[in-house]
Structures are given as C-alpha cells and as structure tokens.
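Please read the structure below before turning to the comments.
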Amino acid sequence: MVAESVEEVPDAAELAREQLYFDNAWLHREEMRGTASSIPRAAANSGAAAHMRRYAQARLEQLGSSDDQVAFGRIDDESGEPLYIGRHTIFDDQSEVLVVNWQAKAAIPYYEASYTDPLGLTRKRSFQCTGNTIDSFSDLVFAQLAAAVESLETPPVELSDALLRDLEQVRTGEMREIVETIQAAQFELIRADADQVLVIQGGPGTGKTAVALHRVSWLLYNEHERLTPEQVLVVGPSPTFTRYIRSVLPSLGDANVDQRDIGKLAPAVKADRVEPVDLTRLKGQARMAGLLARGLDQRIGVPDSGNALQVQVNKRAVTLDRDTVTRVVEQVRAMNGSYNERRQILRERLLAVIRDEIRGGFGSARQSQPEGLLDRLWPPLTAASFLRELFGSGARLIAAAGDEFTAAEVAMLQRRPTDRISEERWSHADVALLDEADALINGAPARYGHIVVDEAQDLSPMQLRSIARRSATGSMTIVGDIAQSTGLWSRDSWDEVLEHLPATLPHQIRDLRFGYRVPRQVFELAARLLPQAAPFVEPPQVVRDGPAPEVHRTEIDERAERVVEVATRHAGKGRFVGIVCPDACRKAILQRLDADEVKWSDGRDGQLGQSINLTSPTEAKGLEFDAVIVVEPEEIVSGDPRGHRMLYVALTRTTTHLDIVYSGKLVAGLFGDDDGGDTGEEQPSAPPAVTVPAQTRTGGSNPLSEMVTEMLAKEVAGQIRDACPEKLWSPVLTRVAELLGHPPTAPEAR
Ligand SMILES: Nc1ncnc2c1ncn2[C@@H]1O[C@H](COP(=O)(O)OP(=O)(O)OP(=O)(O)O)[C@@H](O)[C@H]1O
C-alpha cells in the first residue's frame with residue numbers, strides 16, 4: 001500500500017526568500033520574452049522577417065506565458081547549491097541559469113532521486129503556486145525519509161501531495177501534461193535510449209500515454225541534433241483519442257509533431273463501408289501484403305492481342321518485335337523500385353527499342369507516342385484503382401492469391417466494383433490495404449525518426465505494417481496493455497505485435513506498475529474480471545481511494561431514463577461524464593438524452609464535449625472521465641470475442657465515480673459467481689468495494705459476492721414475506737430453487 005511521504009511544512013521566512021527568487025526569475029523571463037518579441041524587427045527584408053517571426057513565436061512558446069510559474073521544483077545537493085526546475089530555462093543577465101527546464105539532464109535527480117538512492121540530493125522541494133505566487137511548498141528531506149522508511153516493514157511508494165492533488169483534479173476533454181509530478185519509474189522510460197523499440201506495458205491509468213508523450217518532448221530536447229518535431233509521428237487508435245491527447249505536446253512546447261489516428265495514415269478515403277467480421281479479419285492479415293504484391297506484379301506483361309505492340313511514330317503505325325519488348329519488360333520487372341519508378345524506366349527503354357526499330361525510317365523516335373503501348377504493358381494505377389480492379393475481378397484475385405488463400409477466402413474478397421472509382425466505398429480494413437498498395441505503386445511514404453503508437457495491442461498486422469514502413473530508423477515507442485487487448489486482433493503477447501515492426505533496433509518491454517487514474521474501490525471491482533480476461537497479467541497497484549461504485553438495477557424500458565438521470569446528476573455537479581454503452585443500448589439512450597434536452601457529445605464524432613459524452617466501449621479506450629456510467633455490462637461482455645477485457649476497459653475509464661446500470665443479468669464473476677441470474681427489483685447502489693488487495697483477489701472468500709448474496713436474499717425474502725403466509729415459504733423456496741435449475745440440498749446433508 002502507499003505510504004505518506006515525509007514532507008516538511010514551509011516556514012514563512014523561507015517562503016518569502018523563495019518568492020524573491022521567483023520574482024527575480026520572472027523579471028528575467030520577461031526580459032527574455034521582450035528580446036524574443038523584438039527579433040523580427042532586426043530582419044533585413046520581408047522574407048527574413050517572416051522566418052524570424054516564426055522563430056520568435058517558437059521562442060515565445062518555449063518561454064511560456066507571463067502568468068506561468070517560473071519553476072515547480074527545486075533540488076539541493078550536498079554542496080548546498082539549489083537548482084530550480086521549471087518548464088523553460090531562464091537565464092539572468094550574466095547568462096547564469098536561474099531555472100533549468102525539466103528535460104535538461106541536470107533535472108534528472110528531481111524525478112529519480114528516492115530514499116533508497118537520493119542521487120546526491122539532500123532535499124527535493126515542490127512548489128504550489130497561483131500564477132507566479134508561491135502558495136506553499138513541500139520538502140522531501142531524503143535522510144529523514146530513509147530513517148522513517150527503515151521503521152516500516154513494507155517499503156512505501158513515494159507519493160507527493162502534489163501528485164495526489166493533481167490526480168484529484170476535475171478532468172476535461174483533453175489530456176494534460178504532468179511535468180510537475182512525473183514519477184521515477186515513469187521518468188526512467190521517458191528518458192530511455194531513443195535507439196530501440198520501447199514497449200510500455202501497463203494496466204489502465206498507469207500513465208502509459210502520458211509517459212509516451214513526455215518521452216517525445218524529452219527526446220526532442222535531448223536529441224535535437226537528429227530529431228525535429230516534424231520527424232516524430234504519434235499514432236492513436238481513433239480520431240477521438242487523437243483529439244484527446246493533441247494538446248499535451250504543444251503545451252510542452254512541441255507543437256509540430258505529426259499526430260494522427262491509424263485511419264489517417266493511408267491515402268485519404270472515406271472509410272464507411274461495413275463488412276462482415278470474417279472479411280475484416282482476413283483483410284488485416286499480413287499475408288494480404290503478398291496478395292497485393294503479386295496482384296500488382298501480374299498487371300505487368302506483354303498482352304497477346306494483335307495490335308498490342310503497335311506504336312505511332314510520326315503519325316504512322318509501327319509494330320515492335322514481341323521478343324524484344326518481352327525481354328525489356330522482364331528486365332525492368334526484375335528491377336528494384338516502386339511500380340511507378342520502374343514504369344518510368346520502361347518508358348525510356350521502349351523509346352530505345354522504337355529508335356532501334358525505325359532506324360530513322362519514320363522520323364525521330366522522339367516523335368513517337370509510346371504511352372498507349374506503355375499503358376498496355378504496365379498500366380497506370382493508383383492504390384484505389386488497383387485495389388478496386390483486383391477486388392472486382394475473380395480471375396485477378398485467384399491469380400494473386402496463389403496457394404496462400406482458400407477458394408472461400410478469395411470469394412470473400414471479391415466484390416462488385418462501383419461504376420466510378422469516386423463512388424467506391426472503402427472499409428476500415430481497406431485503409432491499410434490502400435496504404436500497402438500505395439507504397440508498392442508510389443514507393444515508401446514520408447518516414448519519421450521516431451514513432452509513438454498508442455493502444456498498439458489492438459492493431460492488425462496490416463496496420464502495423466503501415467506504421468512500420470513510416471519508420472526511418474526503427475526507433476519507436478509502443479504503448480498498450482495486453483489485458484485491454486480486444487477486438488479481432490486481441491493478443492496475449494507483445495511478440496505478436498513486434499513481429500510486424502522493424503527489427504533494425506533492439507526492443508525491450510517495460511512495465512508501469514502503479515495505477516494513477518482509477519480509485520481503489522473501482523479497480524478492485526474491475527480486477528475481478530482479470531482471472532478470466534487476462535490471467536497472466538499482474539494488476540497495477542492503485543494509489544488512491546475514491547467512492548464505491550454504484551449499481552442500478554432497472555427494468556429494460558426504464559434503463560435509458562436511469563442512465564440519463566445518473567449522467568445529468570453527475571454533470572450537474574460539474575463532472576466530466578462518460579456513458580459507456582454497447583451498441584444495442586445506444587439508440588434508446590441518445591433518444592432519451594434528446595427527449596430530455598440534455599446537452600451531450602457523441603464519441604463517434606471525434607471530439608469529446610465538456611459535459612456528457614456517449615461512447616462505445618471500443619471508442620472509450622484510452623479516455624478518462626470524472627464519472628463513468630457503464631451500461632449493461634453483460635452485453636459489453638457478449639459483444640466482443642474478448643468481452644471480459646472490453647468490460648475491464650469500460651470500468652477503468654473513471655477517475656472517481658463509477659455507476660453500473662443494468663436490466664438483464666450481471667456479469668458472473670463481477671459481483672461474485674452467483675449473481676448472473678438475479679431478477680430482483682431495483683438495486684439502488686452496490687455494496688461498498690472490498691478491501692482485498694488486487695494481488696489476492698482470487699481464491700478464498702469473496703466479500704463483495706457475500707454482500708450481493710446477502711442483499712438479494714433479503715430482497716427475495718421480503719417479497720416472499722409480503723406475498724404469502726408463512727406456511728408457504730418453504731414450498732415457494734423449493735420451487736424457486738427448481739426454477740433456477742438448482743434443487744436445494746437436503747438440510748441434513750448440509
Ligand atoms: N505522474 C503523474 N502525475 C500526474 N498525473 C498522472 C501521472 N501519471 C499518470 N497520471 C494521470 O493518470 C491518468 C491516466 O494516465 P494515462 O491516460 O497516460 O494512462 P494509460 O496507462 O495510458 O491508461 P489506459 O491504459 O487506460 O489508456 C491521466 O489523467 C494522467 O494525467
């Protein structure tokens with residue numbers, strides 16, 4: 001469990017001294033801001049001025065706003081020399097550093113010093129400010145901390161008040177930077193070597209996304225000679241997620257990083273075609289890459305038809321020698337390079353063949369039109385036209401499939417093309433195929449020096465290939481949680497992801513163990529799913545408490561009303577609310593929201609609103625809300641091949657409040673094993689959360705289950721008592737047991 005850290009209370013004189021330092025640093029920062037603003041005025045011409053304006057703007061952004069506190073921390077080493085840590089470096093008139101920025105190597109001990117290894121520090125101070133006015137500060141004095149810890153049996157997790165305060169803050173629709181409170185284990189990953197594939201694995205809310213984004217900022221600062229913001233790509237699972245995280249890097253001063261969702265990597269198409277699950281899965285498999293490569297190669301060749309080798313030279317038809325053309329085509333086909341690069345080479349070679357053929361008889365070869373012949377030998381294609389023609393032709397598909405696909409799979413891939421290519425409708429799975437085809441036809445896309453992939457555990461092999469081909473060096477940060485891996489590509493191991501990523505650099509898988517988002521009471525409930533969802537995963541250790549989850553049992557036709565009622569109650573208290581509901585319940589809830597004129601936002605639109613948001617469990621991945629309402633958990637479980645994982649995701653989106661609204665069955669195992677068939681009346685709230693540590697949640701008695709049993713038993717007893725005389729109680733109970741399929745054990749046998 002987490003222990004209180006040893007922190008000193010500030011004294012007034014020291015506070016005043018610190019404020020003087022802050023005021024002085026503030027004045028110097030203002031001077032630096034003034035200098036930055038005047039840079040464009042020094043430009044010799046308008047071109048230079050534009051360039052300098054951009055530079056000045058970037059410099060001003062780096063320096064933050066006038067209202068920002070100059071520093072958030074200070075470290076003192078054994079020499080007694082303090083070092084102030086802030087978001088931006090501040091110099092005085094003699095170019096001495098007054099405040100060092102958090103990414104600087106000198107700031108490392110601020111994050112990584114601990115009572116076991118203080119890294120030469122005697123003290124770490126954290127400031128709480130309003131603007132640049134220090135309200136208070138707290139100190140960790142490492143010698144005192146070590147002494148205090150020695151007296152404890154279990155070493156504590158060091159948690160500062162600043163961290164706990166930060167975690168308690170009300171959330172908005174956008175993720176925030178966490179530079180003030182990054183924890184040592186997180187910082188170690190943030191500054192891990194760039195030359196690797198670093199996999200950050202961790203339970204919900206362990207800070208994986210936050211760490212990956214701060215890692216980008218760290219690398220941009222410390223590796224600036226080889227990495228610019230434009231050379232970094234951050235890939236998220238959905239537009240909503242990308243919007244949710246998009247302001248973190250700009251707020252760290254790194255605005256030009258390319259942040260996109262996985263659907264936006266390929267050539268732009270509208271991907272709204274709905275396809276059967278089997279087809280989506282087939283299209284995501286890596287062997288589709290072979291099919292596309294073969295299919296494209298099969299578009300090249302010398303046609304049999306009579307006039308195929310005719311070209312017009314100086315308005316006269318000339319037929320080229322078949323053997324010669326065939327030899328040239330085969331030579332070019334065997335070359336390296338994209339389809340279009342080689343097509344260009346073939347054009348040049350055809351001109352040479354024409355030159356030889358006419359030997360000056362029909363005028364110059366330059367007056368020939370080889371385009372028609374070129375198109376017949378090597379047709380002009382775009383990714384979309386190639387894929388449309390491939391899927392539209394059984395013969396082409398069969399030839400491209402070779403031995404690697406069954407006849408049934410080929411039949412599944414075939415579809416009738418639309419009359420016009422602009423009318424073609426593409427599916428999500430097609431997007432990665434279009435990207436693969438585009439790379440084959442036009443060559444590799446723009447490549448990046450470092451790529452971050454969030455929620456990587458769910459991506460298809462074809463999507464992973466899309467990402468891999470954008471990596472210039474193999475340097476990547478892969479983020480996710482195997483216990484949250486759901487959908488068609490749910491996995492039990494990172495190896496299945498790594499096999500599709502570049503292997504030019506070594507990889508390592510690192511765990512984050514502390515859960516910062518989800519309060520203990522909620523996590524203990526969610527963790528009950530883990531033995532079934534991901535038995536091999538060690539649950540994170542939660543760091544704070546919150547209110548117990550509430551369970552609402554309603555009639556099916558009152559379910560939407562109850563959901564909206566709970567959501568508006570939370571929203572009324574200024575909370576950022578997420579309704580996580582399976583598709584089957586969605587319509588009724590949104591109708592109810594509209595009927596009640598409640599302002600809400602649709603997670604499918606790619607943007608979260610400030611108040612009530614409606615999302616599916618899949619869309620909710622990676623997001624968080626102050627209050628989460630999970631609707632009909634049983635349907636969430638049955639709606640995904642890894643339904644228990646999906647429910648685990650849904651339940652762990654909250655930073656504070658969790659409500660579960662259901663009308664059917666409650667998922668077996670969530671509240672114990674006996675609650676699946678409960679038919680009781682409304683159950684206004686769940687029993688309080690158990691205090692069993694997550695690590696010991698399996699085996700032994702189950703207090704939550706006992707409480708539910710007790711509650712339901714009392715409810716049923718009340719109904720029987722009200723409904724019939726005492727002499728009927730026993731036969732009624734016997735009949736109830738029979739109806740449930742469990743004849744009661746004879747009393748004497750118990
Ligand atoms: N050191 C920290 N200081 C302050 N807040 C933190 C810290 N670490 C994590 N958090 C907060 O915890 C919450 C969860 O973080 P994040 O979304 O990065 O977790 P995650 O591991 O990616 O979760 P999930 O697996 O659910 O996507 C965020 O609100 C984040 O700001």
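List of remarks:
- Boolean, Arg388 is basic (Lys, Arg) and open to solvent by 70 Å² or more (accessible area, probe 1.4 Å): no
- All conditions in (1) modelled with pLDDT under 95; (2) more than 7 Å from the ligand (Cβ to nearest atom); (3) not in a loop (DSSP other than H, G, I, E, B) hold for Leu163, with the sole exception of (2).
- Filtered residues of the stretch 219-234 (kept if more than 14 Å from the ligand (Cβ to nearest atom) and outside any loop (DSSP other than H, G, I, E, B)): Leu219, Leu220, Tyr221, Asn222, Pro229, Glu230, Gln231, Val232, Leu233
- Residue selected from the stretch 251-271 under the condition closer than 30 Å to Pro641 by Cβ and open to solvent by 60 Å² or more (accessible area, probe 1.4 Å), by the criterion nearest to the chain's Cα centre (by Cα): Arg260
- When Gln532, Gln521 are checked against the criterion of being open to solvent by 20 Å² or more (accessible area, probe 1.4 Å), touching a Pro at 6+ places or on another chain (Cβ under 9 Å) and closer than 24 Å to Arg645 by Cβ, Gln521 stands alone in meeting it.
- The numbered conditions (1) in a strand (DSSP E or B); (2) open to solvent by 30 Å² or more (accessible area, probe 1.4 Å) are all true for Asp117 except (1).
- Remark: pairs (first residue in the stretch 563-586, assigned by the TED database to the domain that holds Lys621 and within 16 Å of Leu651 (Cβ to Cβ); second residue in a helix (DSSP H, G or I) and of a type in the set (Ser, Thr, Tyr); Cβ separation under 9 Å; 6+ apart in sequence or on different chains) = Val577/Thr568; Pro582/Ser638.
- Filter result for Ile509 (in contact with a Phe, Trp or Tyr (Cβ under 7 Å, 6 or more places away or on another chain) and either farther than 25 Å from His224 by Cβ or basic (Lys, Arg) (or both)): yes
- Residue list for the stretch 437-471, restricted to those being touching a helix residue (DSSP H, G or I) at 6+ places or on another chain (Cβ under 8 Å), part of a loop (DSSP other than H, G, I, E, B) and not charged (D, E, K, R): Gly443, Pro445, Gly449, Leu459, Ser460
- Of the residues Val311, Val329, Val325, the single one that is crowded, with 16+ Cβ neighbours inside 10 Å, touching a residue at least 24 places away in the same chain (Cβ under 8 Å) and over 52 Å from the mean Cα position of the chain (by Cα) is Val311.
- Evaluated against (1) touching a Phe, Trp or Tyr at 6+ places or on another chain (Cβ under 8 Å); (2) within 16 Å of the ligand (Cβ to nearest atom); (3) more than 23 Å from Glu188 (Cβ to Cβ), Ala437 falls short on exactly one condition, (2).
- Candidate set: the stretch 130-142, residues that are in contact with a strand residue (DSSP E or B) (Cβ under 7 Å, 6 or more places away or on another chain) and open to solvent by 30 Å² or more (accessible area, probe 1.4 Å); chosen: the one nearest to Ala162 (Cα to Cα): Ser136
- Among the residues of the stretch 467-520, those that are away from the ligand (no atom under 16 Å from the Cβ), polar (S, T, N, Q) and in contact (Cβ under 8 Å) with a residue 60 or more places away in the chain comprise Thr473, Ser475, Gln508.
- Count of residues meeting criterion [assigned to a helix (DSSP H, G or I) and open to solvent by less than 10 Å² (accessible area, probe 1.4 Å)] in the stretch 413-430: 2
- Some residue of the stretch 572-589 being away from the ligand (no atom under 16 Å from the Cβ), among the acidic types (Asp, Glu) and outside any loop (DSSP other than H, G, I, E, B): yes
- When the stretch 609-626 is filtered for residues that are touching a helix residue (DSSP H, G or I) at 6+ places or on another chain (Cβ under 8 Å), on the phi < 0 side of the Ramachandran plot and within 16 Å of the ligand (Cβ to nearest atom), the ones remaining, listed by number, are Asn613, Thr615, Ser616, Pro617, Thr618, Glu619, Ala620, Lys621, Leu623, Asp626.
- A count restricted to the stretch 590-628 and to residues that are open to solvent by less than 50 Å² (accessible area, probe 1.4 Å) and in a helix (DSSP H, G or I) stands at 3.
- Residue check for Gly290: in contact (Cβ under 8 Å) with a residue 12 or more places away in the chain, surrounded by fewer than 19 Cβ atoms within 10 Å (Cβ to Cβ), closer than 30 Å to Ala411 by Cα and assigned by the TED database to the domain that holds Arg388: yes
- Hey, Val211 aliphatic (A, V, I, L, M), within 15 Å of the ligand (Cβ to nearest atom) and touching a Phe, Trp or Tyr at 6+ places or on another chain (Cβ under 9 Å) or not: yes
- Counting only strands (runs of 3 or more DSSP E) that sit wholly inside the stretch 44-114, those with at least 3 residues that are in contact with a Ser or Thr (Cβ under 9 Å, 6 or more places away or on another chain), outside the structural domain of Ala255 (by the TED database) and closer than 18 Å to Phe137 by Cβ are 73-77, 97-101.
- Any hit, the stretch 540-548, residues being within 14 Å of the ligand (Cβ to nearest atom) and open to solvent by 30 Å² or more (accessible area, probe 1.4 Å): yes
Rundown of residues vs (1) more than 16 Å from the ligand (Cβ to nearest atom); (2) open to solvent by 10 Å² or more (accessible area, probe 1.4 Å), yes/no style:
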site: Glu632; (1), (2): yes, no
site: Val637; (1), (2): yes, yes
site: Arg642; (1), (2): no, yes
site: Leu647; (1), (2): no, no
site: Ala650; (1), (2): no, no
site: Arg653; (1), (2): no, no
site: Asp659; (1), (2): yes, no
site: Ser663; (1), (2): yes, yes
site: Leu666; (1), (2): yes, no
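The values are calculated or read from the model by the stated rules, or taken from the named source; none is laboratory data. From a predicted model like this one, the values you see are computed outputs, not experimental measurements. Cβ sites come from the backbone with ideal geometry, for glycine too, and all protein chains shown count toward neighbours. We work out accessible area using only protein heavy atoms, side chains counted, and drop any ligands, DNA or RNA first. Shrake-Rupley method; radii C 1.70, N 1.55, O 1.52, S 1.80 Å.
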